[in-house]
1. In debye, nearest 20, what is the charge dipole magnitude of segment 6-325 about its Cα centre with +1 on Lys and Arg Cβ and -1 on Asp and Glu Cβ, if you could check?
2. Quick one: which residues, 5+ away or cross-chain, put their amide H under 5 Å from the amide H of Met196? H built at 1.01 Å from N.
3. List the trypsin sites (Lys or Arg not before Pro) in segment 285-332 that DSSP assigns to loop (not H, G, I, E or B) and whose Cβ has at most 12 other Cβ atoms within 10 Å. Which are they?
4. Test of the criteria: in segment 146-252, which GluC sites (Glu not before Pro) are in a DSSP loop and have at most 10 other Cβ atoms within 10 angstrom of their Cβ?
5. Using a Förster distance of 41 angstrom, determine the FRET efficiency expected from the C-beta separation of Ala323 and Asp288, and round it to 0.05.
6. Calculate how many DSSP beta bridges within segment 128-281 are antiparallel, expressed in % of all such bridges and rounded to the nearest 5.
7. When ranked by the protection proxy of mean other Cβ atoms within 10 Å per residue, highest first, what sequence do the peptides 23-30, 263-270, 115-122 form?
8. What residues have an amide H closer than 5 Å to that of Ser125, excluding those fewer than 5 places away on the same chain, when H is modeled at 1.01 Å from N in the peptide plane?
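Please treat every number below as a calculation from the coordinates, not as lab data. The structure displayed is predicted, hence computed values, not measured ones. When we count neighbours, we look across all protein chains shown, and the Cβ atoms used for this are built from the backbone with ideal geometry, even at glycine.
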Amino acid sequence: MLSNSTILITGGTGSFGHAFLPMVLERYNPKKVIVLSRDEMKQWEMAKLYGDDPRVRFFIGDVRDRDRLYRAFDGVDYVVHAAATKIVPTAEYNPFECIKTNVNGAMNVIDAAIDKGVKGVVALSTDKASSPINLYGASKLASDKLFVSGNAYAGEHGTRFSVVRYGNVMGSRGSVIPFFMSIADKGLLPITDSRMTRFMISLEQGVELVWHAFEDMIGGEIYVKKIPSMKVTDIARVVAPEARHEIVGIRPGEKLHEQMIGIEDAPYTYEYDEHFKILPAINKWAEDPARIKDGRKVAEDFSYTSDGNPDWMSEPALADWIAAHREKIGAI
């Protein structure tokens, strides 16, 4: 599907874009990959990694700017929407800016994709969009709803929209592993709560989930990959075995455990070998055999949370992953 196509990724100079670009170039050999972002320095640094590769293009722009998106989406076949205001405290203290990017930006992406004849759009979501307690999560829930409904807006234009949802990305910039590594030599690691758990997914797994969504989607699906969990205290022990732990309390808007699928979504959720799929509640799409395929309906009281997860990552497995990826951890 993606071979010999033109692909655009919004927010493409972020962690996801740095993983997505080399992987998609190697696997699919697309005609062109356009990296859209608003940070010229990040684009300049990223461009140096690809030299004169004619398949890679960079485009300065912001998803808030509807006119710029219309220009950027001209001739594009597929879009990965990764641009977002993501840091929970940043969103709490700058709510207007969060809404402009995460909600208004989503609407702009949908309109531009439909009007420019884009074939498919996959939007990146977050565990925080499930039963949200902070503005970032609430804005991403709104974004998810917009992309699901975008399939009805598209009508006969044919543009399809779906969403992929995942939680803590291992080793990404600003995440817990590089943070612990940066202060490990101090011998004291701050722990928000000793009970806290998090899902563990690599950027590569996130990219592969996006590819699966493009291949599988009819429109309106939310894809959730099955991934292991870990306690934050166990992560800290792997990073710095000798360090003491200081309990500092949960930050405003932070959850004790991550949730990917809430019990309210159970009636529309189907299970597959490697992922779950939440189907749209609107337009009876959740009853559509083409969307369900070979899925198995989950129990009516089902939820997918990091503390109730049957799959747990062991400390040796995390230690092996850190050893194999040490140079890249926290770099992007």
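1. Dipole magnitude for segment 6-325 comes out near 600 debye.
2. Val232
3. Those satisfying the criteria are Lys293, Arg326.
4. Glu242
5. My answer for the efficiency is 0.35.
6. That works out to approximately 55 percent antiparallel.
7. Details: 23-30: 15.4, 263-270: 17.8, 115-122: 21.0.
Result, highest mean Cβ count within 10 Å first: 115-122, 263-270, 23-30.
8. Distant-sequence amide H within range of Ser125: Val164, Arg165, Tyr166.
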